[in-house]
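The values are calculated or read from the model by the stated rules, or taken from the named source; none is laboratory data. All figures in this text were calculated on a predicted structure; none of them were measured in a lab. When we count neighbours, we look across all protein chains shown, and the Cβ atoms used for this are built from the backbone with ideal geometry, even at glycine.
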Amino acid sequence: MYIWGLVLISPFSLRVVNWMQRRLINQPCILSYHKRSSRIFVHLSPNQPTVSISSERVAWFWNGVLTSIEDALSGRENTIVIASHLLTSYRIKRIRRHLQIQAGHYRSHVIHVPFTPAARAVMQLEILLAQWRWRVPSRTSWPVLVIRKTFNPEK
C-alpha cells in the first residue's frame, strides 16, 4: 500500500524538482560544446516557464540568449546551432537582426527538422510533469537555426 502511495504522488515531486532546478540553474539557454567538431549547440532552456511571465522576465530571457550567442560567436568555434520547439520565424528574425548589428561577419540558414511522434510525446510528457498543463503541439516540423562565422565578409 505504501509503495502505491509513492507511485501516485511521484509526479507531484517532479514539479518540486523542476522548481529547484529553475532556481539553481537560472539561465535562459543551455550551451553544449560538441567535442569533435567546432560546433556549439544552443538550447533555449526547457526549465524556464513560458506562460504567464512578466515583461522583465521576457527581456531577461532574450538578453541572456543573445549574449550567449554573441559569446559563442566570439570564441574559436565556427558553427552555432540553435534548436528548440520555442524557436519561431519571428524569433529567428530577431536573432538575425541582432547579429547583423552586434556580431560581425556570419552566415545563417534555417533547416526544418521533422517533429517525430516520439519527440512530440516526450515534449508533451515534459510539459505535463513540469507545468501541469496538457499541450498538443500542432507543428509537423521545427526550425533549427545554423549560424556560421565567415572570415571573408564578401561571402
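General remarks:
- Among the residues of region 102-145, those identified as under 29 Å from residue 71 (Cβ atoms) and either among the hydroxyl-bearing types (Ser, Thr, Tyr) or touching a Gly at 6+ places or on another chain (Cβ under 7 Å) (or both) are 106, 108, 141.
- Residues within region 57-112 that are of a type in the set (Asp, Glu) and touching an Asp or Glu at 6+ places or on another chain (Cβ under 7 Å), tallied: 0
- One residue from 19, 60 being modelled with pLDDT of 80 or more and either over 14 Å from the mean Cα position of the chain (by Cα) or assigned to a helix (DSSP H, G or I) (or both): 60
- Restricting attention to region 22-51, the residues being among the β-branched types (Val, Ile, Thr), modelled with pLDDT of 75 or more and under 16 Å from residue 63 (Cα atoms) number 2.
- Some residue of region 123-146 being more than 30 Å from residue 8 (Cβ to Cβ), free of Cβ contacts under 8 Å to residues at least 60 places away in the same chain and of a type in the set (D, E, K, R): yes
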